[in-house]
Amino acid sequence: MSSRNARLRAMVAMAATLGGIHAAAQQGPGLGQPISAADLAPWDISIQPTGAGLPAGSGTAAKGAEIYSVKCIACHGEKGAGQPNDRLVGGQGTLTELAQVRTIGSFWPNATTVFDYIRRAMPFQAPESLTNDEVYALTAYLLALNGIIKEGDEMNARTLARVRMPNRDGFVVMYPERAQR
Amino acid sequence: MSDTTLTNSSLEVVAGNGLLHRRLFLTGGAALAGTAGLSLLTARPVGAEPLEIPPWMRAPGAAMSAYGQPSRFEADVQRVTGGTPNVVGSGVSFTPHHRLHGTITPNSLHFERHHSGVPAIDPDQHRLLIHGAVQRPLTFTVDNLLRYPTVTRIQFLECAGNSGQNLNPQPPQAPCGVIHGLMSCSEWTGVPLAILLEEAGVDRSAGWVLAEGADAAAMSRSIPLEKLMDDAIVALYQNGERLRPENGYPMRLFLPGWEGNMSVKWLRRLKVVSEATMTRDETSHYTDVLLNGKALMFTYPMHVKSVITSPSTGLALQGPGLYEITGLAWSGLGKIARVEVSADGGRTWADAALSEPVLSKSFTRFRMPWRWSGGPAVLMSRAIDDTGAVQPTRASLVREHGERQNYHNNGIQAWNIAASGEISNVFA
């Protein structure tokens with residue numbers, strides 16, 4: 001504890017020297033509890049666009065279609081057509097129209113987001129209930145329905161990170177370059 | 001400001017269609033009574049009814065209460081909720097600004113946006129995890145954080161989607177609070193993130209932090225580390241009491257001035273990373289589509305904006321005479337410098353009075369005296385912040401984004417006053 005406080009004081013002093021952050025001039029009581037990588041792993045569910053964080057496992061569109069027909073179709077419709085909730089498929093080529101259709105296929109810039117979002121938030125009534133293989137399979141199914149991968153392509157940590165989404169270059173990044181437009 | 005008497009110049013018409021000098025309100029109501037001010041009223045009040053002793057003075061009232069409630073006569077002042085089909089708990093509720101005043105939103109009426117309902121979090125079991133590019137991954141309990149140094153600031157929170165329907169081709173006809181109710185303002189108290197990140201030994205070169213909530217959607221956003229080290233807090237208290245469940249109990253991220261979705265509620269995890277995680281809510285949502293098919297991404301600050309809350313839709317004028325036009329102005333980049341008001345659809349403008357204190361990234365209440373002739377009127381307000389940014393017209397936003405619902409609509413709002421006193425939403 002005392003060595004940690006010493007390090008903290010050193011860092012605060014350094015931050016002050018660098019003329020940085022006024023809030024850093026405040027010091028806390030140092031009550032944070034150290035935790036190991038293994039112990040925090042169950043919470044570490046986010047996937048970076050590089051693929052960092054993708055777990056072991058794999059799945060194909062065929063397997064994904066089976067899961068979809070049981071766990072997803074009630075909200076997202078036949079083959080991702082939507083209704084009553086978000087449409088997941090199609091819309092490519094509509095982004096310049098006022099009535100544009102934004103889906104995974106037409107709008108989402110990163111395939112890793114599909115895995116990340118399904119695993120953390122879907123199915124709506126039972127989030128974080130799918131196995132990693134099931135998430136890979138559903139991701140493969142939705143990417144195949146959108147024509148982004150082939151029917152037989154297996155999605156895993158290596159292949160998913162390599163998928164290039166059709167609208168990858170469809171965004172104008174406003175931070176930090178143009179935060180004050 | 002220093003005027004103590006109402007002079008003729010106080011009644012000076014400063015812009016078209018009956019706008020009067022703001023000095024009229026700065027001098028206070030007492031000065032107005034018994035002066036020429038009353039002659040502004042074109043309709044003389046009818047005689048008052050004889051006074052009687054009311055029943056609530058003939059017997060003692062109710063006892064003390066453990067937690068106060070509004071008068072039952074105010075029971076209709078409520079949030080209006082809007083949901084998503086089939087998914088209870090995913091949707092919004094709107095602050096009824098047309099029924100409120102001042103600048104602080106009551107906790108029970110703070111707007112809501114949930115992506116998978118309000119979790120019932122036991123604070124003893126909740127943990128905040130800080131990990132990733134840090135020297136020491138740490139967890140904090142709620143009790144831990146309650147011992148840390150705190151800051152208290154009065155600041156607004158506005159959903160990026162607030163007022164978005166005003167970009168549709170037809171003006172939505174709904175109460176002001178439903179059109180503009182995805183914004184609220186509170187006194188937030190919490191622990192500066194910089195303290196916690198420094199304790200974990202954050203790698204300052206990492207650049208980004210993934211913030212994640214403990215709701216069923218594990219709602220997540222990437223936050224620039226620079227913002228977290230600047231003025232962000234882990235908020236624990238709202239208007240003096242612990243956070244409400246629908247506002248993130250037991251703790252939420254609070255990022256002053258930035259779009260509400262980034263102030264992640266039920267905060268459970270901060271992962272320091274080298275690039276944005278590109279979560280669903282910063283890619284497929286909360287990006288601002290342009291007419292050319294591209295979308296602006298990472299549009300964080302909520303830009304300068306104002307809205308007249310009275311008179312506004314949801315209310316009605318009761319005949320010609322003197323009224324107070326009042327509303328809210330705010331900017332995610334700093335303080336409000338000026339608010340101008342027009343009663344003739346933007347042809348002429350005059351400065352409104354700003355209520356002190358005028359705080360950075362906070363609601364500022366403005367006021368403007370107005371003598372309604374009973375004829376046609378279109379009321380508008382236009383805010384300017386201390387960076388010099390001017391609230392844009394709806395038309396200028398439509399030119400860039402097209403005429404469709406979108407995020408970050410800070411366009412000027414126009415309210416049409418009919419001869420009957422009815423108020424409607426118009427594009428002017």
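The values are calculated or read from the model by the stated rules, or taken from the named source; none is laboratory data. Given the structure is predicted, the values throughout are model-derived calculations rather than measurements. Virtual Cβ from ideal backbone geometry, glycine too; neighbours counted across all protein chains shown.
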Legend entry - From B:GLN155, B:GLN170, B:GLN135, B:GLN78, residue being more than 29 Å from A:ASP44 (Cα to Cα) and in contact with a helix residue (DSSP H, G or I) (Cβ under 8 Å, 6 or more places away or on another chain): B:GLN78
Legend entry - Matching residues, the range B:73-129, being without any contact (Cβ under 8 Å) to a residue 40 or more places away in the chain, of a type outside the set (Val, Ile, Thr) and assigned to a loop (DSSP other than H, G, I, E, B): B:ALA75, B:ASP76, B:GLN78, B:PRO85, B:ASN86, B:ASP122, B:ASP124, B:GLN125
Inset, instruction - Scan the range B:215-262 for residues that are in contact with a helix residue (DSSP H, G or I) (Cβ under 8 Å, 6 or more places away or on another chain) and assigned to a strand (DSSP E or B) and report the count. - result: 11
Legend entry - Enumeration of residues in the range B:179-201 that are closer than 10 Å to B:PHE111 by Cα and outside any loop (DSSP other than H, G, I, E, B): B:MET183, B:SER184, B:CYS185
Inset, instruction - Could you please give the count of residues in the range A:55-102 that are under 16 Å from A:ASN132 (Cα atoms) and small (Gly, Ala, Ser)? - result: 8
Inset, instruction - Taking B:LEU100 as the residue in question, decide whether it is in the same structural domain as B:TRP258 (by TED's automatic domain parsing), of a type in the set (A, V, I, L, M) and within 21 Å of B:GLU241 (Cα to Cα). - result: no
Inset, instruction - Would you mind stating whether A:LEU18 is at pLDDT below 95, crowded, with 19+ Cβ neighbours inside 10 Å and out of contact with any helix residue (DSSP H, G or I) (no Cβ under 9 Å at 6 or more places or on another chain)? - result: no
Inset, instruction - Would you tally the residues in the range A:93-125 being more than 9 Å from chain B (Cβ to nearest Cβ) and farther than 20 Å from A:GLN48 by Cα? - result: 4
Legend entry - the range B:156-187, subset within 14 Å of chain A (Cβ to nearest Cβ) and touching a Lys or Arg at 6+ places or on another chain (Cβ under 9 Å), residue farthest from B:ASP122 (Cα to Cα): B:PRO169
Legend entry - B:LEU354, sole failed condition from (1) closer than 30 Å to A:PRO49 by Cβ; (2) out of contact with any Gly (no Cβ under 8 Å at 6 or more places or on another chain): (1)
Legend entry - Complete set of residues in the range B:263-277 that are away from chain A (no Cβ under 11 Å), aliphatic (A, V, I, L, M) and not in a strand (DSSP E or B): B:VAL264
Inset, instruction - Output the residues belonging to the range B:305-339 that are within 14 Å of another protein chain (Cβ to nearest Cβ) and of a type outside the set (Ser, Thr, Tyr). - result: B:GLY332, B:LEU333, B:GLY334
Inset, instruction - For the range B:134-155, indicate whether the set of residues that are within 14 Å of another protein chain (Cβ to nearest Cβ), modelled with pLDDT of 95 or more and within 15 Å of B:GLY260 (Cβ to Cβ) is non-empty. - result: no
Legend entry - Check on A:ALA74, at the interface with chain B (Cβ under 10 Å from one of its Cβ atoms) and surrounded by fewer than 16 Cβ atoms within 10 Å (Cβ to Cβ): yes
Inset, instruction - Considering every residue within the range A:41-52, establish whether at least one is within 7 Å of chain B (Cβ to nearest Cβ), in a helix (DSSP H, G or I) and at pLDDT 95 or above. - result: yes
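So that you can scan it fast, the table gives a plain yes or no per residue for (1) more than 27 Å from the chain's Cα centre (by Cα); (2) in contact (Cβ under 8 Å) with a residue 24 or more places away in the chain:
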residue: B:LYS265; (1), (2): no, yes
residue: B:ARG268; (1), (2): no, yes
residue: B:VAL273; (1), (2): yes, yes
residue: B:ALA276; (1), (2): yes, yes
residue: B:THR283; (1), (2): no, no
residue: B:TYR286; (1), (2): no, yes
residue: B:ASN292; (1), (2): yes, no
residue: B:THR299; (1), (2): no, yes
residue: B:MET302; (1), (2): no, yes
